[in-house]
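Accompanying notes for the structure given below.
The values are calculated or read from the model by the stated rules, or taken from the named source; none is laboratory data. As the structure is a prediction and not an experimental result, all values here were calculated from the model. Positions of Cβ are generated from backbone atoms using ideal geometry, with glycine treated the same way; all protein chains shown enter the neighbour counts.
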Amino acid sequence: MPEKKSKKTSKKKSSDKAKKLDRSKLHHISLNDKNSDPEENSLRVIIVLIVVIILVAVGGAYFVKNIQKQNEQPENVNEDQNQNEVVDLNDIDTEDPKPLNLEPTLEDIVINDVVEEDEKAENAPNDEDFITESYEISNETETEYILESVKVQPYETFLRVNFTFNNETTESEEKVPYVYANFRDIVSEIEISFDKTIGDNSGFEDGDTLVLEDSVMSSIVKSRRSSEMKLIYQLKISEITGYYLQVVDNQIILDIKEPEPREVGVAVLDVDEEEVTEESATDEQDMEEETDSEEEDVSEEEEDTVEITEGSKQITSSVEGNVAGIKGYSYDDTSEAFIYRLLLSNDKIPNVTSSIGSDGKVTIKIKNLSLDAVATDEEASYVDFVPNGVIGVQSVSASHSGGTSTYEFTMDSKMDYKVELSDAKDKILIKFMH
């Protein structure tokens, strides 16, 4: 009996040992699996790194090749251009480049700023063609026009201003509008106006000024009194020499005689784009007023004998008898007022009174006059302001009798007015306030 028990026990131990061996095998297999994963991962990392290095090398080589190609390309292009003689960069003037503009600027207006020979001018005037009075070119059609350009060209014996037009009605035979040249010798100015002109492509804006350095015409100004249907240009002249107005095809040509022949090739024009003086910009000042400060001051006795009454409606002077005189007149229409000036011929200040009628007309009476060049005893004077673009004041009629002159102003409607003396006391100023 003991032996059987012993065998049974031994068999049981063998079975347990076998089981332990099986777990050991399983454990050994598990260890082998764990050891194999790091090796595979390391291999994969190495392969990826090799691929990345290859890509970086290829990309770097391509980048370096492109850089070298770009550096070599300008040289090749320049070499080809030089060999074919297509472009020479040294011949290109890059100084003062001008921007492209659809409309001409003031610089574009000057087609040539140097004096040219008279022979080069088409339809050049003769000496007998020049006049010193107002002149008009009629046009009774309803055609509307556009001013396309204004050109200035100096010649030896005259200066030319060329106005070119385009009409809006192709059937019209009239190629230029109605033109009125108002020769104002008192203020040294030729004012030229164009009716039924609805546009201005010349580059001039209202108040713009083209200044000439050394010429009989000191400047050309586009008046601020220009309107939708009328253009007004003012040509300031340094001397009263005469002008000639003519029509050539669709051009209005105005030639102003130079007092002395000019030297060919000398520059005379200077475009001034900066802000112009108050006189030029607003058309409010008489050119003769620029010399007021240079004239002699009137004596204290004369100052004490002149009084401008309250409201500036009359001037009271202590002069007796007909000793004062009027040698001429001028006028300007500004945004603030219409100014009518009577130029006194000596240092005597006349007595001035004024009144306004029920119809709105203003009557100015000037006494103590020995002469009046505007209205004489034999002939009255009448000026219509409407054709010249004056706003509000229609006309003035003047008459003279027995040492007293009467000036009657007709307005569109009743306007406030003033009667004053200029600072130099050489002008009577009659102002109608807008």
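Taking the condition of being at pLDDT 90 or above, within 33 Å of the chain's Cα centre (by Cα) and surrounded by fewer than 20 Cβ atoms within 10 Å (Cβ to Cβ), how many residues in the range 416-431 meet it?
2
Just one of Val247, Val276, Val298 is in a loop (DSSP other than H, G, I, E, B) and either out of contact with any strand residue (DSSP E or B) (no Cβ under 7 Å at 6 or more places or on another chain) or at pLDDT 50 or above (or both); which is it?
Numbers: Val247 fails: in a loop (DSSP other than H, G, I, E, B); Val276 fails: either out of contact with any strand residue (DSSP E or B) (no Cβ under 7 Å at 6 or more places or on another chain) or at pLDDT 50 or above (or both).
Val298 is the lone residue from the list that is in a loop (DSSP other than H, G, I, E, B) and either out of contact with any strand residue (DSSP E or B) (no Cβ under 7 Å at 6 or more places or on another chain) or at pLDDT 50 or above (or both).
Which of the residues spanning the range 381-414 are small (Gly, Ala, Ser) and either closer than 21 Å to Ser335 by Cβ or surrounded by 14 or more Cβ atoms within 10 Å (Cβ to Cβ) (or both)?
Taking the range 381-414 as the starting set, the residues that turn out to be small (Gly, Ala, Ser) are 381, 389, 392, 395, 397-399, 401-403, 405, 413.
Within the range 381-414, Ser381, Gly389, Gly392, Ser395, Ser397, Ala398, Ser399, Gly403, Ser405, Ser413 meet the criteria.
Take Ser215 and tell me if it is in a loop (DSSP other than H, G, I, E, B), under 30 Å from Gly265 (Cα atoms) and of a type in the set (Gly, Ala, Ser). Show your work before the answer.
Values: in a loop (DSSP other than H, G, I, E, B): yes; under 30 Å from Gly265 (Cα atoms): yes; of a type in the set (Gly, Ala, Ser): yes.
For Ser215, the condition - in a loop (DSSP other than H, G, I, E, B), under 30 Å from Gly265 (Cα atoms) and of a type in the set (Gly, Ala, Ser) - is met.
If I ask for residues that are acidic (Asp, Glu) and either modelled with pLDDT of 90 or more or part of a strand (DSSP E or B) (or both), which ones from the range 134-166 would you list? Break it down into steps so the answer makes sense when it comes.
Filtering the range 134-166 down to residues acidic (Asp, Glu) leaves 136, 140, 142, 144, 148, 156.
Those that are acidic (Asp, Glu) and either modelled with pLDDT of 90 or more or part of a strand (DSSP E or B) (or both): Glu136, Glu144, Glu148, Glu156.
Spot the failing condition for Pro177; the list is (1) closer than 24 Å to Asn123 by Cα; (2) surrounded by 19 or more Cβ atoms within 10 Å (Cβ to Cβ); (3) in contact (Cβ under 8 Å) with a residue 40 or more places away in the chain, and only one is missed.
Of (1) closer than 24 Å to Asn123 by Cα; (2) surrounded by 19 or more Cβ atoms within 10 Å (Cβ to Cβ); (3) in contact (Cβ under 8 Å) with a residue 40 or more places away in the chain, only one is false for Pro177: (3).
Residue under question is Thr169, and the condition is that it be at pLDDT below 90 and buried (at least 22 other Cβ atoms within 10 Å of the Cβ); does it hold? Before the answer, list the steps.
Numbers: at pLDDT below 90: yes; buried (at least 22 other Cβ atoms within 10 Å of the Cβ): no.
No; evaluated as a whole, the condition is false for this residue.
Name, by its number, the condition in (1) surrounded by fewer than 17 Cβ atoms within 10 Å (Cβ to Cβ); (2) under 30 Å from Asn126 (Cα atoms); (3) at pLDDT below 90 that does not hold for Glu260.
Status for Glu260: all satisfied but (3).
Please note which strands (runs of 3 or more DSSP E) are completely contained in the range 373-434 and include at least 1 residues that are acidic (Asp, Glu). Spell out the reasoning first.
Details: elements: 381-384, 393-401, 404-411, 417-421, 427-433.
In the range 373-434, 381-384, 404-411, 417-421 are the strands (runs of 3 or more DSSP E) which contain 1 or more residues that are acidic (Asp, Glu).
In the range 215-222, is there at least one residue being under 19 Å from Val386 (Cβ atoms) and either touching a Leu at 6+ places or on another chain (Cβ under 6 Å) or surrounded by 19 or more Cβ atoms within 10 Å (Cβ to Cβ) (or both)? Show your work before the answer.
Applying the first criterion (under 19 Å from Val386 (Cβ atoms)) to the range 215-222 yields none.
No, the range 215-222 contains no residue that is under 19 Å from Val386 (Cβ atoms) and either touching a Leu at 6+ places or on another chain (Cβ under 6 Å) or surrounded by 19 or more Cβ atoms within 10 Å (Cβ to Cβ) (or both).
Cβ-Cβ distance below 6 Å, separation of 6 or more or different chains: which pairs start in the range 196-218 with a residue that is under 30 Å from Thr141 (Cβ atoms) and end on one that is charged (D, E, K, R) and buried (at least 22 other Cβ atoms within 10 Å of the Cβ)?
Partner pairs satisfying both residue conditions: Phe204/Lys222; Asp206/Lys222; Asp208/Lys222.
Step by step: first the residues of the range 314-327, then only those that are within 26 Å of Asp416 (Cα to Cα) and crowded, with 18+ Cβ neighbours inside 10 Å, then the one that is modelled with the lowest pLDDT. Which residue is that? Explain how you work it out, then say what you get.
First, the residues of the range 314-327 that are within 26 Å of Asp416 (Cα to Cα): 314-317, 326.
Cutting the leftovers down to crowded, with 18+ Cβ neighbours inside 10 Å gives us 315, 317, 326.
Values: Ile315: 90, Ser317: 86, Ile326: 91.
Applying the filter and picking the extreme gives Ser317.
Just checking, which of Glu148, Glu156 is over 28 Å from the mean Cα position of the chain (by Cα) and in contact (Cβ under 8 Å) with a residue 12 or more places away in the chain? Spell out the reasoning first.
Details: Glu148 fails: over 28 Å from the mean Cα position of the chain (by Cα).
Within the list Glu148, Glu156, the selection yields Glu156.
Quick one: in the range 405-425, of everything that is touching a helix residue (DSSP H, G or I) at 6+ places or on another chain (Cβ under 8 Å) and not hydrophobic (A, V, I, L, M, F, W, C), which residue is farthest from Lys365 (Cα to Cα)? Spell out how you get there, then give the answer.
So in the range 405-425, the residues touching a helix residue (DSSP H, G or I) at 6+ places or on another chain (Cβ under 8 Å) come out as 422-425.
Okay, now just the ones that are also not hydrophobic (A, V, I, L, M, F, W, C), so 422-423, 425.
On the way: Ser422: 18, Asp423: 21, Lys425: 18 Å.
Selected residue: Asp423.
Take the residues of the range 184-212 that are part of a strand (DSSP E or B) and modelled with pLDDT under 90: which is farthest from Glu148 (Cα to Cα)? Please lay out each step first, then the result.
Of all residues in the range 184-212, those part of a strand (DSSP E or B) come to 184, 189-195, 197-200, 209-212.
After this cut, where a residue has to be modelled with pLDDT under 90 as well, the list is 184, 189, 209-212.
Values: Arg184: 26, Glu189: 23, Thr209: 17, Leu210: 17, Val211: 20, Leu212: 22 Å.
My answer is Arg184.
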